[in-house]
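Student: Once you've had a glance at the structure underneath, I'll fire off some questions.
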Amino acid sequence: MGKKRNRQDAIRKLVREREIRTQAQLVKELQKLGFNVTQATVSRDVNQLGLEKVVSESGKSVYILAEDRHLKRMCEDLVLWAKESGNLVVVKTTPGGASSVAQAVDAARWEEVIGTIAGDDTFLIVAVTAKEAKKVAQRIIQLAA
């Protein structure tokens, strides 16, 4: 199970950082990272991870994680602002929205995030480092735009 989880974590990272257009491209990228995979294995991973195809800003059809699409919608609808302090990020939402957005952040499994704590209209993201907290705050702000 460890290999599968590591492989799927690598797929999450690849899809978030690059424009992955096909399963064949995903196979090649994973092989570059040292994973011995076939197209059939990647196809199962795509289904299990719930990857979806969307048209990117560059006009190409690319994979996106379902949880990222959900988080973007949540941030657009509910997040008012985000600010970092040390390794923490404080996020202000509309009333009643904090718990939902915090759950979406947790579901996205960002490697920089240790976890979240939510109230009614504010939630806290605990990042691994202060540098990563700054990146997380910027990402939340971008998703909310």
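Student: Between T129 and Q39, how many nm apart are label points set 7 Å from Cα along the C-beta direction?
Tutor: For the pair T129/Q39, the computed spacing is 4.0 nm.
Student: Which percent of the accessible heavy-atom area of the range 21-134 goes to carbon and sulfur, probe 1.4 angstrom? Walk me through the numbers before you get to the answer.
Tutor: Values: 3210 of 6240 Å².
So the carbon and sulfur contribution to the accessible surface is 52 percent.
Student: Here is a further query. If you average 1/r across every pair of different Cα atoms in the chain and take the reciprocal, what Kirkwood value do you get, in Å?
Tutor: Details: mean 1/r = 0.0622 Å⁻¹.
Averaging 1/r across every pair of different Cα atoms and inverting gives 16.1 Å.
Student: Can you tell me the 0 to 90 degree angle between the C-alpha axis of helix 39-49 and the longest principal axis of the chain, rounded to 10?
Tutor: Computed tilt is about 20 degrees.
Student: For helix 130-144, what angle does its Cα long axis make with the longest principal axis of the chain, in degrees from 0 to 90 and rounded to 10?
Tutor: Compared with the principal axis, the helix lies near 90 degrees.
Student: Expressed as a rounded percentage, what relative contact order does the range 22-145 have, with Cα pairs under 8 Å and six or more residues apart? Mind dumping the intermediate values first?
Tutor: Values: 202 pairs, mean separation 26.5, N = 124.
Answer for the range 22-145 is 21 percent.
Student: Still on this structure, I have one more. Starting from the Cα gyration tensor of the range 1-63, take the square roots of the eigenvalues, sort them a ≥ b ≥ c, and report rounded, prolate or oblate (rounded when a/c is under 1.5, otherwise prolate if a/b is larger than b/c, else oblate).
Tutor: prolate
Student: Here is a follow-up. With a 1.4 Å probe and every protein chain left in place, work out the accessible area per residue of the chain in Å², rounded to a whole number. Working shown, then result.
Tutor: Working: 8210 Å² over 145 residues.
Value for the chain: 57 Å² per residue.
Student: Moving on to the next point. If the limit is 29 Å between Cα atoms, which of K28/K83; K53/K131; K28/K60; K13/K131 go over it? Walk me through the intermediate numbers first.
Tutor: On the way: K28/K83 38 Å; K53/K131 31 Å; K28/K60 19 Å; K13/K131 18 Å.
Where the Cα-Cα span goes over 29 Å, the pairs concerned are K28/K83; K53/K131.
Student: Separate question: Within the range 1-101, report the chymotrypsin sites (Phe, Trp or Tyr not before Pro) that DSSP leaves as loop and that have at most 15 other Cβ atoms within 10 Å. Before the final figure, lay out each step's value.
Tutor: Values: sites: F35, Y63, W81; in loops: F35.
Listed in order of number, the matching sites amount to none.
Student: Using θ = phi - 60° and the Karplus form 6.51 cos²θ - 1.76 cosθ + 1.60, what ³J(HN,Hα) does each residue of the range 62-70 get, whole Hz, x for Gly and Pro?
Tutor: Listing the rounded values in order: 9, 7, 9, 6, 4, 5, 6, 5, 5 Hz.
Student: Separate question: Report, in whole Å, the centroid distance computed from the Cα atoms of the range 122-138 and the range 1-34.
Tutor: 25
Student: Report the gain in length on full extension from R109 to V54: 0.36 nm times residue separation, minus Cα-Cα distance, nm rounded to one decimal.
Tutor: The span from R109 to V54 would gain 17.8 nm if fully extended.
Student: Round to the nearest 10 and give me the degree value, 0 to 90, for the angle of helix 23-32's Cα axis relative to the longest principal axis of the chain.
Tutor: 90
Student: Could you tell me which of rounded, prolate or oblate describes the range 87-128, using a ≥ b ≥ c as the square roots of the eigenvalues of the alpha-carbon gyration tensor, with rounded for a/c under 1.5 and, failing that, prolate when a/b is larger than b/c and oblate otherwise?
Tutor: Numbers: a/c = 2.85, a/b = 1.59, b/c = 1.78.
Here the range 87-128 falls in the oblate category.
The values are calculated or read from the model by the stated rules, or taken from the named source; none is laboratory data. In this text the structure is predicted, and so the values were computed from the model without any measurement. Quick reminder, even Gly has a Cβ in these numbers, built from the backbone with ideal geometry, and neighbours come from all protein chains shown. Accessible surface is based on the protein model in full, side chains and every heavy atom, while ligands, DNA and RNA are left aside. Shrake-Rupley method; radii C 1.70, N 1.55, O 1.52, S 1.80 Å.
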